[in-house]
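Here's the structure, in C-alpha cells; my notes come after.
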Amino acid sequence: MAGKPRIGILGLGTMGGPMARRLAQSGFAVTGCDPNAASADRAKAAGVALVASPARVAEASDYVLSSLPDPATVRRAYLGDDGALAGARSGMAFIDVSTTDPDTWREVATAAKSRGVDCLDAPVSGGPDEAGNGKLIFLIGGEAAVLDRCRPVLGVLGSDIYHIGPLGSGQVIKIINNIMSVGNVVIAAEAMVLGVRAGLDPQRLFDILSTSGGRSHHFLKRFPKVLAGDFTPYFGIGLSRKDVALGLGLAASFGLPMPVTSAVRQTYDTAHAEGFGSLDMAGVIALYEKWAGVKVRGKAAAASSGSGNAA
C-alpha cells in the first residue's frame with residue numbers, strides 16, 4: 001500500500017481515544033466509531049473521521065484496532081451483523097488491544113481468516129497518558145510475520161513491543177498481570193486502613209511503605225491519589241472485577257483453584273455492591289474505610305473535606 005496505512009479504531013474511550021488522537025497527530029488517516037457521543041466528539045475534534053458502525057470503519061481502513069470493555073462487546077464489534085468483519089477485505093489486519101479472554105479473540109480470528117484477514121491480540125500495559133504519548137507496552141499474541149507487518153503502526157503507540165507467542169498468549173499474560181495488579185491494590189488498601197485505624201498518620205505511613213519491601217507499582221502510582229481523595233476512574237472497579245473474573249474463568253478451564261484471586265474478586269464485588277463501583281480501582285479502599293470508620297487522606301485532602309480520621 002502506498003504511503004501510510006489507513007487506521008480504524010473501534011472504541012474511542014479512555015484508551016482508544018488517546019490512541020486515535022496519537023495516530024491522527026502522527027499523520028495517519030484515522031476512522032473510528034463509538035456509541036458514546038462525548039468520546040466520539042473528542043476524537044472528531046482531534047481529526048478522527050467518524051462513521052456509524054464497525055463495518056464502515058473496516059471499509060475505510062487497512063488496519064483495525066479495537067479497545068473495548070469486555071468480551072461480549074469485542075465479539076459484537078467484529079462478528080455482529082454490522083461488525084468489522086462485514087466490511088473487511090483480504091489483506092487487512094485486526095488488532096485487539098482490549099483485555100478479553102483468549103477464546104473470544106481466537107473465535108474472531110478464525111472467522112477473519114476465512115476472509116483473508118490477519119489478527120493479533122495486543123493488550124497493553126499503560127494508561128491514557130501512555131496511550132497518548134506513544135509509551136504503551138504491547139503484549140502480542142499471533143504470528144511473527146503479522147506482527148512485523150503491523151510494527152509501523154504499533155510503534156507509533158508503544159515504546160516496547162513483546163511477542164509472547166501464538167494467538168491468545170498476549171491475552172493470557174495480560175490477564176495474569178491484571179490479577180497481580182488488582183490483588184496488590186486490595187492488600188495495600190487493607191494494610192493502609194489498618195495502619196490508620198491503629199493511629200498512624202496516612203501520609204507518613206505511605207512515605208515509609210513506599211520505600212519498604214511491601215511496595216508495588218500500583219501502590220506507588222495510585223495511593224498518592226488516595227491520599228489526595230482523587231478516585232477518578234483511570235482504571236475502574238468495574239474493569240477490575242471483569243479482569244479478575246477473566247482470570248478465574250481461565251483458571252477454571254484448567255481445573256485450577258485460585259482462592260486468593262477469588263477473595264480479591266469478592267472484595268471488588270462487595271465494593272461495587274456498596275456503591276463504590278464508579279471509582280478507580282484504588283477506590284476499593286473506600287470499602288475498608290467504611291468498615292473501619294477512618295479516612296486514608298493527607299492533611300490537605302482531610303482539611304478540604306472538613307473531616308479528619310476517626311480512630
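The values are calculated or read from the model by the stated rules, or taken from the named source; none is laboratory data. These numbers were taken from a predicted model, which means no experiment stands behind them. Reconstructed Cβ throughout: ideal geometry from the backbone, glycine too, with neighbour counts over all protein chains shown. Just so you know, the surface numbers come from the protein's heavy atoms only, side chains and all, with ligands and any DNA or RNA stripped out. Shrake-Rupley method; radii C 1.70, N 1.55, O 1.52, S 1.80 Å.
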For the range 70-85, how many residues are outside any helix (DSSP H, G or I) and either more than 24 Å from residue 237 (Cβ to Cβ) or open to solvent by less than 30 Å² (accessible area, probe 1.4 Å) (or both)? 4
Filter result for residue 195 (buried (at least 17 other Cβ atoms within 10 Å of the Cβ), small (Gly, Ala, Ser), out of contact with any Ser or Thr (no Cβ under 8 Å at 6 or more places or on another chain) and over 25 Å from residue 251 (Cβ atoms)): yes
Quick one: is residue 57 β-branched (Val, Ile, Thr) and closer than 27 Å to residue 236 by Cα? no
Scanning the range 12-61 residue by residue, those basic (Lys, Arg) and touching a helix residue (DSSP H, G or I) at 6+ places or on another chain (Cβ under 7 Å) turn out to be 21, 22, 42, 56
Name the single residue, out of those in the range 86-119 being in a helix (DSSP H, G or I) and touching a strand residue (DSSP E or B) at 6+ places or on another chain (Cβ under 8 Å), that is farthest from residue 149 (Cα to Cα). 102
With the requirement that a residue be under 14 Å from residue 156 (Cα atoms) and of a type in the set (Val, Ile, Thr), what does the range 9-63 give you? 30
Residue identified as farther than 19 Å from residue 180 by Cβ, at pLDDT 95 or above and aliphatic (A, V, I, L, M) among 198, 271: 198
When the range 39-60 is examined, which residues are found to be in a helix (DSSP H, G or I) and not β-branched (Val, Ile, Thr)? 39, 40, 41, 42, 43, 44, 45, 54, 55, 56, 58, 59
Residue pairs within 6 Å by beta carbon, gap of at least six or interchain, first lying in the range 15-33 and without any contact (Cβ under 8 Å) to a residue 40 or more places away in the chain and among the β-branched types (Val, Ile, Thr), second in a strand (DSSP E or B) and open to solvent by less than 10 Å² (accessible area, probe 1.4 Å), listed first then second, are 30/7; 31/8
Enumerated helices (runs of 4 or more DSSP H) restricted to the range 202-311, each holding at least 3 residues that are open to solvent by less than 20 Å² (accessible area, probe 1.4 Å): 217-227, 237-253, 259-271, 285-292
Restricting the range 259-274 to residues that are free of Cβ contacts under 8 Å to residues at least 40 places away in the same chain and not small (Gly, Ala, Ser), the one nearest to residue 233 (Cα to Cα) turns out to be 272
Within the range 1-11, considering residues that are touching a strand residue (DSSP E or B) at 6+ places or on another chain (Cβ under 9 Å) and of a type outside the set (Val, Ile, Thr), the one surrounded by the most Cβ atoms within 10 Å (Cβ to Cβ): 8
Unique match (being free of Cβ contacts under 8 Å to residues at least 60 places away in the same chain, under 19 Å from the mean Cα position of the chain (by Cα) and more than 27 Å from residue 249 (Cα to Cα)) among 40, 49: 40
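One line per residue, one yes/no per condition, for (1) touching a residue at least 40 places away in the same chain (Cβ under 8 Å); (2) within 30 Å of residue 279 (Cβ to Cβ); (3) in contact with a strand residue (DSSP E or B) (Cβ under 6 Å, 6 or more places away or on another chain); (4) of a type in the set (Phe, Trp, Tyr):
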residue	(1), (2), (3), (4)
139	no, yes, yes, no
147	no, no, yes, no
158	no, yes, yes, no
162	no, no, yes, yes
187	no, yes, no, no
192	yes, yes, no, no
195	no, yes, no, no
199	yes, yes, no, no
Quick check on my filter: what residues within the range 12-38 are under 18 Å from residue 129 (Cβ atoms) and either open to solvent by 10 Å² or more (accessible area, probe 1.4 Å) or assigned to a strand (DSSP E or B) (or both)? 13, 14, 15, 18, 21, 22, 24, 25, 26
Within the bounds of the range 128-137, is there any residue that is open to solvent by 20 Å² or more (accessible area, probe 1.4 Å), closer than 23 Å to residue 5 by Cβ, part of a loop (DSSP other than H, G, I, E, B) and not aromatic (Phe, Trp, Tyr)? yes
Only residues in the range 226-238 that are within 17 Å of residue 183 (Cα to Cα) count as the first member; pair them with residues that are open to solvent by 50 Å² or more (accessible area, probe 1.4 Å) and not in a strand (DSSP E or B), Cβ under 6 angstrom, at least 6 apart or cross-chain, and list the lot. 237/272
